[in-house]
1. In the set Ala291, Ala214, which member is modelled with pLDDT of 90 or more, surrounded by 15 or more Cβ atoms within 10 Å (Cβ to Cβ) and of a type in the set (Gly, Ala, Ser)?
2. Which of the residues that make up region 323-357 are of a type in the set (Gly, Ala, Ser) and either in contact with a helix residue (DSSP H, G or I) (Cβ under 8 Å, 6 or more places away or on another chain) or within 14 Å of Ser282 (Cα to Cα) (or both)?
3. If a residue must be among the polar types (S, T, N, Q), under 28 Å from the mean Cα position of the chain (by Cα) and over 21 Å from His191 (Cβ atoms), how many such residues does region 1-45 contain?
4. Looking at Gly233 and the list (1) over 22 Å from Val19 (Cα atoms); (2) surrounded by fewer than 17 Cβ atoms within 10 Å (Cβ to Cβ); (3) without any contact (Cβ under 8 Å) to a residue 40 or more places away in the chain, which single condition is not satisfied?
5. Would you mind finding the one in Tyr118, Tyr128 that is over 26 Å from Pro182 (Cβ atoms) and in contact with a Leu (Cβ under 9 Å, 6 or more places away or on another chain)?
6. Please determine whether any residue of region 187-205 is buried (at least 19 other Cβ atoms within 10 Å of the Cβ), more than 21 Å from Arg8 (Cβ to Cβ) and in contact (Cβ under 8 Å) with a residue 24 or more places away in the chain.
7. Just for region 1-19: of the residues that are free of Cβ contacts under 8 Å to residues at least 40 places away in the same chain and not in a loop (DSSP other than H, G, I, E, B), which one is farthest from Ala229 (Cα to Cα)?
8. Only residues that are on the phi < 0 side of the Ramachandran plot and touching a helix residue (DSSP H, G or I) at 6+ places or on another chain (Cβ under 6 Å): list them for region 15-28, please.
Amino acid sequence: MSYLVLARKYRPRSFDQMVGQEHVVQALSNALTQQRLHHAYLFTGTRGVGKTTVSRILAKSLNCVGADGQGGITAVPCGVCEACRDIDAGRFVDYVELDAASNRGVEEISQLLDQAVYKPVVGRFKVYMIDEVHMLSNTAFNAMLKTLEEPPEYLKFVLATTDPQKVPVTVLSRCLQFNLRPMAPETVLEHLGGVLQAEQIEAEPGALRLLARAARGSMRDALSLTDQAIAFGSGSLREEGVRQMLGAVDRSHVYRLIEALAAGDGAAVVETAAQLRAQGLSAQGALEEMAVVLQQLAVLQVVPEALDGADPEAEVLTRLGERLPPDDTQLLYSIALHGRNELGLAPDEYSGLTMVLLRMLAFKPAGGGNGKTAAAPLQRPQAAALRVPTRSAPGGEVTARVPAASAPVQPPAARAVPAA
């Protein structure tokens, strides 16, 4: 039997299985329960947040007939009737998924709309799902406007896009728009834990935390990275192996850098940057990880109770939060963010990283740390007196002395005006 990847195996089959999109689930469930159904829906959001999944669940809800064949429109599809099983398998004749990236012309849309005049073959509704709808040409958009505004009562449109700004306003005004949010790392972490428990695969909490952060809000990316990590670790997920697979920077390096910056120890900063180079770790990842830690420190310094006591790194964060003043934390965070954009301009990324770290030391407030490497205020150099040749009345050339530019120039005294 062929292996089914985790992203497909654990794709939600009903609204109650979806995570991280409660606002969309609640709106659609209430609409289905109250039979207040719109004829066109637009789902927007980044990749891997559930746009196609919501579309399939909505199609099942509209066409489900229940296990006994007597059911109607429902917010909880049974999953066992023929319509539910066929939609999950991708063979339901009245549910059409069209990829607009490869079918963006007016001919393809016209062929699709020509079939709209015919009633559903086996289902209650005919559902047209157009993925990446922003890729359609302007002519194709114009061709579907009339049908999109007044479709037959048995036809539902579901549009999905990662770039809603490219969808014409004439289309947006005809749809109910739902924005699917990127997943929070905590949500991804919890879901990955449940998936790996169902798969009976051992995983270290640190490894799951790395995968949740690397997914950047996409549940599909998280599950795909988990598949890769399982193969990399021969059936188990270890933090060291996942970090090596992702090329992520070990938090210990970041903590060492922040401690050195707090102490004003320039030698330790340069040495740690050299270690990152020797281990082939990403300079971009180092600054990104440093920004994450500094953001956690900033929150900890303002709201100490926000720290999760179960976090294995809580003790280290608490120690760093006590050593680093809050204004230093804000400054280092800002420099780390801006420094990431400058790495591409540097001769190489490690020299760029070193310069960003040295800038953190150079702009360190004079009272911070132990003051050994705090930058002294710059003194404006005194301009040397210039000797400018001038010419006097019939005599020869005389050299006049011009005062320094930085010396204050006294205005001439006001001449006394005699009283009348």
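The values are calculated or read from the model by the stated rules, or taken from the named source; none is laboratory data. Everything numeric here is computed off the predicted structure, so don't read it as measured data. Quick reminder, even Gly has a Cβ in these numbers, built from the backbone with ideal geometry, and neighbours come from all protein chains shown.
1. Ala291
2. Ala336, Gly339, Gly344, Ala346, Ser351, Gly352
3. Result for region 1-45: 1.
4. Gly233 satisfies every listed condition except (2).
5. After applying the criteria, what remains is Tyr128.
6. no
7. Checked region 1-19; the qualifying residue farthest from Ala229 (Cα to Cα) is Gln17.
8. Within region 15-28, Phe15, Met18, Val19, Val25 meet the criteria.
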